[in-house]
Amino acid sequence: MTKRPLAFLLLILPALAFAQDKATDAERIVKIDSGTLQGAVAGGVLSFKGIPYAAAPVGNLRWRAPQPVAPWGGTRPAANYARDCVQKPVPGEAGAAGTQLGEDCLNLSLWRSVSKSKAPRPVFVWIHGGGFVNGGSSAPLFDGAGLARQGLVVVALNYRLGRLGFFMHPALKASGEASGNYGFLDQLAALQWVQRNIAAFGGDPKQVTLAGESAGGISVLHHLASPASQGLFQRALIMSGGGRTYMVAGSGAIPAARAEQAGVAFAKSRGIEGAGAEALSALRALPAEKVNGDLSMMEVAADTYAGGPILDGKVVSGMPGDALRARTAGKVPVVIGTMADDLVVLQPPRDNPLSMFGNEAGRAQFAYFKNAREPGQAVRNIGADMTMHEPARFVAKHMTAAGEQAWVYRFAYVAESQRNSGATAEHAKELPFLFDTLNAVYGLGVTAEDRAMARLFIGFVSNFARTGDPNRKGLPHWPRYDAAQNEVMMFSADAKARAETDPWKARLDLIERALDGKRTP
């Protein structure tokens, strides 16, 4: 075979890529239930961005359940992102909204690889995190092309945030719009959109994996427990989403009465009094930036914001842990995991952190304080176990008790370029490895070892989305969760994946008994 000079190859590679993209002109045009879309192709991946899945929630549609999209005529361009939802951006946050912000934000974006295969593809639906006040599907971190190259149809959705997404007020109750959990209703509408339309993009509506991290993980737990969401997805990936409660405001969902008080306080702060139609009209007339502009993960405004999901008795009638204990949660296989140095939301008693362990305080003293660098680190570990690590095991334990399959992981890898700065495996740091968007986060600092970890992580997750089991030939074996064995898959600091008995088992046993009120002598 004649060897071609390097210069020749450099000349023809762009032409080959162009030919590959040009060969898919017919695939760029897709008809869905609201009209025709024209997508774009790059690097062998076809994308459709900014697709509205519900009507713009503006004017009289603000603080209402999402309404159907008005059909459009002609062909709608879908090469670029549409707006992400109104929020106060957090500078430097990798998952921050990547495009313009606006109240007209109920859209989703979709990716699939270019292929001649006509077989329906598994679907991966992503719900972003951000504490229910920040984030957006257009963040470069969440570009779905990498997962699409694994043979999936990837969908990333937006949902209303902050006061626009989670809000109660007596005027809404009087009008019949009292739910308060509009962000969850948006997510439900997007899942319903997937069922109606994903086949037009080559996706299989009977092979949907619902995935999310942080507030997105909480959202997946909500849909796992919600009767309204059953049948809309067949697999669940929960990343740092807790497991017992909605993990907001230091507890579970916000009581409706407290949410309504916050709504009244917010209205008064904007000079709006009363509980009738006039007050509701004035609230809906406020610019969206005046409603959400002071809210971010750094500034919660507790007196005038409910704080997240609301216990409204309809959309949210209980905590995920209740449904898991009662075995009424959705019957789907689950992958659930946490970061080694994950977020702390729930806290032990400040004055006496060991008091929560009752007569097991001595054991907790040994488990947490014996090898801690300093007492503050030990207390933080208790909080992280309460918030993330034990609740993840709780989900796996109850899903397997109900006859379903579950796999648990803990992610301890840190990108090589970050190690000299003392960085740890913090909340959300696994996301660029999931989406294969390392360059978007670490730029020229990405190393071969980083890419090896990304191949491992994305390999397990994509296989779970394809088959309902993360295992496949060529990857280390990941055993299903078994309460007797208590094994987790450790994505370790040396870029390996290995299953082992949870080294924190004694700690998590103590937390489990304390949270369940089943302390032993």
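Observations, loosely collected:
- Each peptide among 298-304, 125-131, 258-264 gets the average number of other Cβ atoms lying within 10 Å of its residues, and from highest to lowest they stand as 125-131, 258-264, 298-304.
- For region 372-481, the Kirkwood estimate of the hydrodynamic radius, built from every pair of different alpha carbons, is 16.0 Å.
- Using Cβ point charges alone (K and R +1, D and E -1), the dipole size of the chain about the Cα centre works out to roughly 1200 debye.
- Counted over region 297-398 with a bin width of 10 Å, the fraction of Cα pairs per bin, in whole percents, is 12, 31, 35, 20, 2.
- Distance (nanometres) between label positions extended 7 Å along Cα→Cβ at Gln67 and Ser355: 5.2 nm
- Each Lys or Arg adds one and each Asp or Glu takes one away; over the other residues whose Cβ falls under 11 Å from the Cβ of Arg121, this sums to +2.
- Fraction of antiparallel bridges per DSSP, the chain only, in percent to nearest 5: 40 percent
- Residue-wise HN-Hα couplings along region 418-423, as the Karplus relation 6.51 cos²θ - 1.76 cosθ + 1.60 with θ = phi - 60° gives them from phi, are 9, 5, 5, 7, x, 5 Hz; Gly and Pro carry x.
- Order of Met297, Met339 - criterion: other Cβ atoms within 10 Å of each residue's Cβ, fewest first: Met297, Met339
- Kirkwood hydrodynamic radius over Cα pairs of region 173-255, then Stokes diffusion coefficient at 37 °C and 0.692 mPa s, in µm²/s: 237 µm²/s
- One decimal place: the segment Gln100-Ala302 gains 70.1 nm when fully extended, by the rule 0.36 nm per residue minus the C-alpha distance.
- Estimated from the Cβ-Cβ distance and a Förster radius of 22 angstrom, the FRET efficiency linking Ala506 and Ala452 is about 0.10.
- Nitroxide proxy distance, nm - points 7 Å out along Cα→Cβ at Ala423 and Thr75: 4.2 nm
- Put a dot 7 Å past the Cα of Asp516, heading toward its Cβ, do the same for Gln377, and the two dots end up 3.0 nm apart.
- Exposure proxy for Asp25, Asp469: other Cβ atoms within 10 Å of each Cβ, ordered fewest to most, give Asp25, Asp469.
- Selection from Ser281, Ala228, Phe184, by position along the positive dipole direction of the chain (Cβ): Ala228
- In plain terms, if you count all Cα to Cα distances in region 435-521 and split them into 10 Å steps from zero, the share in each step is 15, 34, 28, 18, 5, 0 percent.
Coordinate-derived values only; no laboratory data. These numbers come from a predicted model, not from an experiment. All Cβ positions, even for glycine, are placed from backbone atoms using ideal geometry, and neighbour counts span all protein chains on display.
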